[in-house]
Amino acid sequence: MIRVYGSLLSRARIVMAVLEQLELDYELVEVPTLGPKSRSPEYRALNPTGKVPTLVDGDLVLWETQAILFYLARKYGENKLWVDDIATEADLYRWSLFVSNQIEAPALEMMLAVRLAKEDGADQAVIDKAASVVQRHLPVLESHLQDHPYLAGNKLTVADFHGAAVLSWPKLAGFDYTPYPAIARWLTAVLGLPAQKAIQRWQNN
Ligand SMILES: N[C@@H](CCC(=O)N[C@@H](CS)C(=O)NCC(=O)O)C(=O)O
């Protein structure tokens, strides 16, 4: 059985949503993002970074969220969540890497500013600074999504699962996507998939 190490409060949820969408059986091995379990020698033997998620599928041990998503789509996708030709595959990598390289860090910073806020509240200056970096890149995405339903190949792919998850983080810091209607429409479509709801069954794991 496929095993995912991580938690619902981590990027492991992106992997889990893709597993649900592919209708694969899997087990969640709860590893809190911080804390002794993720730092244990046993866990570091699987993932030397000590971060989550990690995927174990038979003899394969894999970490880095997007590598895991690409593997799952290629191995089990059967034309689901992947694209058909090399040019469209390059397009999928382009959008995935654009989100990862340009938006993921500031989007995470916005979410963590709220999640890790002390009693006197989140640091709005930190949120605003990170939001301005995110915003710099949104017009490109907005323009693309005005003409395309999804990031690559005009179909739902793993790039959408990753991208929509990352772009959902600023919302937790109050970011408003109203000026970006195509992004807002895409976020609603991808984050509203039944697969996203299905992962909540691990809530009381
Ligand atoms: N690029 C990595 C990032 C992994 C990552 O930073 N995971 C977070 C949870 S979502 C984590 O484990 N943080 C704990 C730490 O930084 O020690 C991936 O996508 O897998």
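The values are calculated or read from the model by the stated rules, or taken from the named source; none is laboratory data. Just so you know, these numbers come straight off a predicted model, no measurement behind them. Glycine gets a Cβ as well: all are built from the backbone with ideal geometry, and neighbour counts include every protein chain shown.
Please tell me if LEU8 is within 25 Å of TYR150 (Cβ to Cβ), crowded, with 20+ Cβ neighbours inside 10 Å and not aromatic (Phe, Trp, Tyr). Can you show your working first?
On the way: within 25 Å of TYR150 (Cβ to Cβ): yes; crowded, with 20+ Cβ neighbours inside 10 Å: no; not aromatic (Phe, Trp, Tyr): yes.
Judged against the criteria, LEU8 is not a match.
Being within 15 Å of TRP169 (Cα to Cα) and either in contact with a His (Cβ under 8 Å, 6 or more places away or on another chain) or surrounded by fewer than 17 Cβ atoms within 10 Å (Cβ to Cβ) (or both) is the requirement here; does ALA105 meet it?
In short, yes.
Tell me which residues, restricted to the stretch 139-169, are more than 14 Å from ALA17 (Cβ to Cβ), part of a helix (DSSP H, G or I) and of a type in the set (S, T, N, Q).
Step one: list which residues in the stretch 139-169 are more than 14 Å from ALA17 (Cβ to Cβ), which gives 139-155, 167, 169.
Now narrow it down to the ones that are part of a helix (DSSP H, G or I): 139-147, 167, 169.
Answer for the stretch 139-169, where residues must be more than 14 Å from ALA17 (Cβ to Cβ), part of a helix (DSSP H, G or I) and of a type in the set (S, T, N, Q): SER143, GLN146.
Being within 19 Å of LEU8 (Cβ to Cβ), loosely packed, with under 15 Cβ neighbours inside 10 Å and under 19 Å from the mean Cα position of the chain (by Cα) is the requirement here; does PRO32 meet it? First the steps, then the outcome.
Details: within 19 Å of LEU8 (Cβ to Cβ): yes; loosely packed, with under 15 Cβ neighbours inside 10 Å: yes; under 19 Å from the mean Cα position of the chain (by Cα): yes.
Yes, satisfied.
Yes/no per residue for (1) in the same structural domain as VAL61 (by TED's automatic domain parsing); (2) of a type in the set (Gly, Ala, Ser):
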residue: ARG74; (1), (2): yes, no
residue: GLU104; (1), (2): no, no
residue: GLU119; (1), (2): no, no
residue: ILE127; (1), (2): no, no
residue: HIS137; (1), (2): no, no
residue: LEU145; (1), (2): no, no
residue: GLY153; (1), (2): no, yes
residue: VAL158; (1), (2): no, no
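Of all residues in the stretch 53-89, which are surrounded by 13 or more Cβ atoms within 10 Å (Cβ to Cβ), more than 12 Å from the ligand (Cβ to nearest atom) and of a type in the set (Asp, Glu)?
ASP57, GLU89
Consider only pairs whose beta carbons are under 6 Å apart and that are at least six residues apart or on different chains; among these, list those whose first residue lies in the stretch 24-48 and is within 15 Å of SER7 (Cβ to Cβ) and assigned to a strand (DSSP E or B) and whose second residue is of a type in the set (A, V, I, L, M) and within 11 Å of the ligand (Cβ to nearest atom).
From the stretch 24-48, no pairs qualify.
Can you report the number of residues in the stretch 151-205 which are touching a residue at least 40 places away in the same chain (Cβ under 8 Å) and among the hydroxyl-bearing types (Ser, Thr, Tyr)?
Within the stretch 151-205, residues that are touching a residue at least 40 places away in the same chain (Cβ under 8 Å) and among the hydroxyl-bearing types (Ser, Thr, Tyr) number 2.
Restricting attention to the stretch 154-197, report how many residues are closer than 16 Å to ARG94 by Cα and acidic (Asp, Glu).
Final tally of qualifying residues: 1.
I'd like to know if the stretch 101-122 contains one or more residues that are among the polar types (S, T, N, Q), within 16 Å of the ligand (Cβ to nearest atom) and closer than 16 Å to ILE14 by Cβ. Before you say what the answer is, go through the steps one by one.
Taking the stretch 101-122 as the starting set, the residues that turn out to be among the polar types (S, T, N, Q) are 101-102.
Remaining after also requiring within 16 Å of the ligand (Cβ to nearest atom): 101-102.
Those left that are additionally closer than 16 Å to ILE14 by Cβ: none.
No, the stretch 101-122 has no match at all.
Could you count how many residues in the stretch 1-13 are more than 8 Å from the ligand (Cβ to nearest atom) and not in a loop (DSSP other than H, G, I, E, B)?
Adding up the residues that qualify gives 5.
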